[in-house]
Amino acid sequence: MQRLRTFLEQHSDNPALINVIDGLMVACKDIAHRIQLGAAAGVLGSAEQENVQGECQKKLDVISNDILKDVLAAQPAVKGMASEEEELPVAANSAGSLLVLFDPLDGSSNIDINVTVGTIFSILPAREGADAASESAYLQPGNAQLAAGYVLYGPSTILVLTLGNGVYSFTLDPRIGEFVLQREQIRIAADTKEFAINMSNQRFWLQPMQTYVGDLLQGEEGPLGKRYNMRWIASMVAEIHRIMTRGGIFMYPYDNREPNKPGKLRLMYEGNPMSFLVQQAGGKASTAFNDIMDIQPQGIHERVSVVMGSANEVETVERYHQ
Ligand code: P6P
């Protein structure tokens, strides 16, 4: 039973990175505890305010964001941070070498119905002399990430992490209050029969995506020649964890409801960290046209079209878009 700290010390020679990930888990353990308490702690329901995305914030969105900001600000290695819930980046320690980007509580619309949510994080190097209060310091492509992960708050609390050399999962053991190693070198099967997409948006998609999904739905008699199953949890962390566990493809593609936005999901703290994890596990992460982690970001809250999971299925989607 290997504890997370022991694993980090054996798999990284970067003390700053080890300490920041350790610190992130302190915050996530606190968040997990509050989610477990739920209504008993009065943390459910709306915070009666909107975030920078114009989305109605849940109380736990605000609480989780504050917990993460406080813990990270106390980490000497953290030069600054960017959060889905903060319009601007937050500078922390001028001598720090790392930038942390996070979605504090992804899928939070599920909180009030007691369905799985999660924290997503991405760790970038802070370039020499970078101003951590300025967006420009964070606008690095996904390929620059040093580490990425998510903590899934479900029946178990599970950390899935990559340091750039494979994907590992850890389960929070409440008996000792520690994340312990569960799975090593997780691999995503190249083929799948399970897809995840919000079908109610079908009429808004590009024609190639409508054609691909239409072919999926024809099953064995259709051009793809196999019967597919569908899942949609409306919590990206849960969808990606399912794919890490049994393969699959997750899609939140471009739709024409907001033509100037390439998609709903955010590149810096949803698309990039999940792409890093998926690609490190042998899967593929694409916009349907190119690799997500190749994108040169223009803003910390910019959005991205997402097609990720089993490599052969993602390549099929890309062929429909050629
Ligand atoms: P919809 C949650 O709000 C989220 O950002 C992702 O976690 C999830 O996959 C998606 O949006 C769900 O979107 O439009 O189905 O509610």
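Points to keep in mind about this one:
- Other-chain or far-sequence residues with amide H under 5 Å of residue 265's (modelled H): 304
- Size of electric dipole in the chain: Cβ of Lys, Arg +1 and of Asp, Glu -1, about Cα centre, debye, nearest 20: 700 debye
- In the chain, helices alone account for a calculated mean residue ellipticity at 222 nm of -8500 deg cm²/dmol, with every DSSP H run of four or more residues adding -39,500 (n - 2.57).
- Tail fraction, Cα-Cα pairs, segment 123-214, threshold 21 Å, whole percent: 62 percent
- Beta bridges assigned by DSSP with both partners in segment 195-312 are antiparallel in approximately 75 percent of cases.
- From phi via Karplus (6.51, -1.76, 1.60), per-residue ³J(HN,Hα) for segment 222-231 in Hz, x at Gly/Pro: x, x, 8, x, 8, 8, 9, 10, 10, 9
- In Hz, Karplus ³J(HN,Hα) per residue of segment 233-247 (6.51, -1.76, 1.60; θ = phi - 60°; x = Gly, Pro): 9, 6, 8, 3, 4, 5, 5, 5, 5, 4, 5, 5, 8, 9, x
- The three principal axes of the C-alpha atoms in segment 194-321 carry coordinate ranges of 44, 32, 26 Å, sorted with the longest axis first.
- Note that segment 46-86 shows a convex hull volume over its alpha carbon atoms of 49 Å³ per residue.
- One chain, two ends: residue 37 and residue 319. Fully extended at 0.36 nm per residue, the span grows by 96.9 nm beyond their Cα-Cα distance.
- The amide H of residue 173, built 1.01 Å from its N in the peptide plane, has 178, 179, 180 as neighbours under 5 Å, considering only residues 5 or more places off or on other chains.
- DSSP beta bridges confined to segment 79-147 are antiparallel in about 70 percent of cases.
- Where labels lie 7 Å past Cα in the beta-carbon direction, separation of residue 70 and residue 245 in nm: 3.1 nm
- Legend: distances between Cα atoms for 29/284; 59/264; 58/264; 193/261; 58/284; pairs beyond 27 Å are 29/284; 193/261; 58/284.
- In Hz, Karplus ³J(HN,Hα) per residue of segment 251-260 (6.51, -1.76, 1.60; θ = phi - 60°; x = Gly, Pro): 9, 10, x, 3, 9, 8, 5, 10, x, 8
- The ellipsoid that matches the Cα gyration tensor of the chain has semi-axes, each √(5λ) in whole angstrom, of 30, 21, 21, with the longest given first.
- Debye intensity ratio in log₁₀ form over the Cα atoms of segment 262-318, taken at each q of 0.16, 0.24 Å⁻¹: -0.40, -0.88
- Percent accessible area from carbon and sulfur atoms, the chain, protein chains only, probe 1.4 Å: 48 percent
- C-alpha center-to-center spacing [segment 75-150, segment 244-322] in angstrom: 19 Å
- Other-chain or far-sequence residues with amide H under 5 Å of residue 118's (modelled H): 106, 153
- Think of segment 177-320 as a dipole: +1 on every Lys or Arg Cβ, -1 on every Asp or Glu Cβ, centred on the Cα centre; then among 289, 204, 314, 204 lies furthest on the positive end.
- Stokes-Einstein D (µm²/s) once Rh is taken as the Kirkwood radius of segment 4-183 over alpha-carbon pairs, at 37 °C in 0.692 mPa s: 198 µm²/s
The values are calculated or read from the model by the stated rules, or taken from the named source; none is laboratory data. Because the structure is predicted, anything quoted here is derived from the model rather than measured. Positions of Cβ are backbone-derived with ideal geometry, glycine not excepted, and every protein chain shown enters the neighbour counts. Note: accessible area is taken over every heavy atom of the protein model, side chains too, but ligands, DNA and RNA are not part of it. Shrake-Rupley method; radii C 1.70, N 1.55, O 1.52, S 1.80 Å.
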